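Here's the structure we're looking at; comments come further down.
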Amino acid sequence: VQRDWASSLDLHVELEAGGGRREAVERAVRGAIRSGRLRPGDRLPSTRALAHDLGLARGTVADAYAQLAVEGYLRTSPGAPTRVGAGPQPSLGLDAARPRQALVAARFDLRVGRPDLGAFPRALWLRALRRALGGAPDQSLVNGDPRGRPELREALARYLGRTRGVLADPERIVVTSGFTQGIWLLCRALRESGAGAVAMEDPCLDHQRAIAADAGLEVLALPVDDGGASPDVPAGAGAAVVTPAHQFPLGPTLAPARRSALLAWARADGGVVVEDDYDGEFRYDRQPPGALQGLDPEHVVYAGTVSKTLTPGLRIGWLLLPRRLVRPVMEAKEITGDTQALDQLALAELLASGAYDRHVRRMRQRYRRRRDLLLSVLADHAPSLRTRGVAAGLHVALEVPSEAELVARAAERSLALSGLAPFWHRPDGAPQGVVLGYAAPPEHAYAQTLAALAEALQARPSAGATSSRTTASTASRR
Ligand SMILES: Cc1ncc(COP(=O)(O)O)c(C=O)c1O
């Protein structure tokens with residue numbers, strides 16, 4: 001649907017006192033496009049109308065439009081109305097930091113949050129679905145139980161007990177639409193139990209903070225260093241959400257003393273530790289550390305997902321719950337609805353047949369190869385930059401002097417990168433870095449993707465580059 005924006009009122013252009021007027025118009029229009037208030041194809045007011053509304057010279061607005069056209073935000077042609085462009089390349093900087101936003105047009109992609117979708121085991125999935133459907137009684141084509149299909153809960157209990165050392169009881173597993181729904185269910189259950197706050201690692205996945213806030217919980221910070229999250233859970237938190245096997249996004253493994261300290265906190269305070277094991281299947285240097293849940297199943301929620309092993313598009317995850325949380329989480333689940341029953345049956349079949357294990361082993365080899373190649377490119381082209389979290393998972397954190405600068409240089413080479421900024425509770429003044437998701441590119445494009453990264457790392461910073469955190473719009477104009 002294309003809309004016409006007749007006036008500056010619709011655009012919400014506010015000219016701040018001081019500062020350039022042309023820049024203010026650019027900022028307002030860019031902001032409207034990035035936030036989605038203006039969509040590709042939408043018509044903007046004419047330069048004359050906007051200049052009149054804002055009390056500016058027409059040339060000022062025309063200059064702003066011209067700049068935005070160069071950046072790809074607008075489409076102008078003589079005699080025709082100015083419209084929002086199809087895909088502003090420079091917004092790579094902003095979008096790249098937010099893996100869940102719509103994909104922008106980049107040839108190469110090292111953003112965090114995606115497995116190699118080209119490796120989705122289509123034939124295995126089809127076979128599993130066919131077998132599951134062939135043998136399934138009619139009653140299994142609905143969920144029935146808010147915890148999910150029993151076939152899947154039983155298969156998960158066996159798989160997780162074997163591979164992750166969790167104490168798994170199918171009665172205490174709730175299948176969710178990914179960790180995203182899982183954390184929502186937990187936050188809601190916490191809120192219902194009277195908790196007012198939850199502690200989350202700083203940095204952590206940004207949308208998980210948003211979900212907690214949306215559930216009415218205050219989000220408190222657990223600082224992260226090379227030993228993982230701090231176990232000093234701030235007073236008032238009903239739960240501490242952590243990523244012990246491979247901290248997201250910085251990558252350390254939770255130190256043994258901290259594992260014990262977190263459990264001690266939960267026992268003493270009646271709190272619960274939420275163990276997000278989002279990429280626990282991928283460890284390259286040694287056996288993965290066993291899940292925290294195995295040490296104290298009454299104080300730890302273990303959360304897993306197929307988003308890294310198969311695809312985030314399946315929307316299947318699971319929670320292994322302490323006894324006291326099963327009922328509240330089931331009640332919350334009844335509000336939000338079930339995960340598809342057929343996909344659950346197919347996953348159960350994939351797990352039970354051993355095909356899932358074989359697929360994970362194959363992918364571990366592929367990702368290890370990719371990680372090694374990435375590390376050699378970093379060693380060759382950015383030997384002074386520190387890498388973190390390389391032993392596991394599907395991403396490497398790289399410390400850089402200016403993240404916006406590197407994201408923008410990569411965008412110039414059509415390479416999308418994730419900056420660290422959105423993951424900090426307070427990005428201002430936080431350490432700068434990028435998170436290189438090396439699973440994302442298709443296999444055939446991986447070498448080219450790394451070549452683009454090498455170029456971006458080697459490119460000299462443009463004049464006026466600063467090591468302070470710059471806004472994405474500033475970066476995008478370099
Ligand atoms: C830290 C972390 N937790 C969990 C997930 C999985 O979320 P979901 O299962 O909703 O796809 C991700 C995926 O990117 C993640 O980065």
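The values are calculated or read from the model by the stated rules, or taken from the named source; none is laboratory data. A quick note: this is a predicted structure, and the numbers were derived from the prediction, not measured. Methodologically, a virtual Cβ is constructed for each residue, glycine included, from the backbone with ideal geometry; neighbour enumeration extends over all protein chains shown. The accessibility values were calculated without ligands, DNA or RNA, using every heavy atom of the protein model including side chains. Shrake-Rupley method; radii C 1.70, N 1.55, O 1.52, S 1.80 Å.
Structural remarks
- Val174 vs. criteria touching a residue at least 40 places away in the same chain (Cβ under 8 Å), more than 27 Å from the chain's Cα centre (by Cα) and more than 14 Å from Ala348 (Cβ to Cβ): no
- One residue from Ala352, Ala404 being among the hydrophobic types (A, V, I, L, M, F, W, C), within 21 Å of the chain's Cα centre (by Cα) and in a helix (DSSP H, G or I): Ala404
- Verdict on Thr336 being within 15 Å of the ligand (Cβ to nearest atom), modelled with pLDDT under 95 and either open to solvent by 10 Å² or more (accessible area, probe 1.4 Å) or of a type outside the set (Val, Ile, Thr) (or both): yes
- Answer residue from segment 141-186, given it is in a loop (DSSP other than H, G, I, E, B) and either open to solvent by 50 Å² or more (accessible area, probe 1.4 Å) or within 16 Å of the ligand (Cβ to nearest atom) (or both) and is nearest to Met330 (Cα to Cα) among those: Gly148
- Inter-residue pairs, beta-carbon under 9 Å, first away from the ligand (no atom under 16 Å from the Cβ) and in segment 272-296, second in a strand (DSSP E or B) and open to solvent by 10 Å² or more (accessible area, probe 1.4 Å), 6+ apart: Val272/Gly238; Pro289/Arg283
- Positions within segment 29-47 being open to solvent by less than 30 Å² (accessible area, probe 1.4 Å) and of a type in the set (Lys, Arg), in sequence order: Arg30
- Note on segment 235-271: residues that are in contact with a His (Cβ under 6 Å, 6 or more places away or on another chain) and either within 16 Å of the ligand (Cβ to nearest atom) or over 23 Å from Ala195 (Cα atoms) (or both) total 0.
- Positions within segment 106-121 being away from the ligand (no atom under 16 Å from the Cβ) and open to solvent by less than 30 Å² (accessible area, probe 1.4 Å), in sequence order: Phe108, Ala119, Pro121
- Residue check for Leu124: among the aliphatic types (A, V, I, L, M), open to solvent by 20 Å² or more (accessible area, probe 1.4 Å), in contact (Cβ under 8 Å) with a residue 40 or more places away in the chain and within 16 Å of the ligand (Cβ to nearest atom): no
- Flag for Arg426 being buried (at least 17 other Cβ atoms within 10 Å of the Cβ) and among the basic types (Lys, Arg): no
- For segment 189-227, a residue qualifies if it is charged (D, E, K, R), within 16 Å of the ligand (Cβ to nearest atom) and under 25 Å from Gly280 (Cβ atoms), and the qualifying residues are Glu201, Asp202, Asp206, Arg209.
- Answer from Gly294, Gly280, Gly290 - the residue that is in a helix (DSSP H, G or I), under 30 Å from Met363 (Cα atoms) and either open to solvent by less than 40 Å² (accessible area, probe 1.4 Å) or modelled with pLDDT under 95 (or both): Gly294
- Filter pass, Val326 being in contact (Cβ under 8 Å) with a residue 40 or more places away in the chain and within 16 Å of the ligand (Cβ to nearest atom): no
- Of all residue pairs spaced 6 or more apart or on separate chains, those with beta-carbon atoms under 9 Å, a first member in segment 128-140 that is in contact (Cβ under 8 Å) with a residue 40 or more places away in the chain and a second member that is among the hydrophobic types (A, V, I, L, M, F, W, C) and surrounded by fewer than 16 Cβ atoms within 10 Å (Cβ to Cβ) are Leu129/Leu342; Ala132/Leu342; Leu133/Leu141; Leu133/Leu342; Ala136/Leu342.
- Thr309 within 16 Å of the ligand (Cβ to nearest atom), open to solvent by less than 60 Å² (accessible area, probe 1.4 Å) and either modelled with pLDDT of 95 or more or assigned to a helix (DSSP H, G or I) (or both): yes
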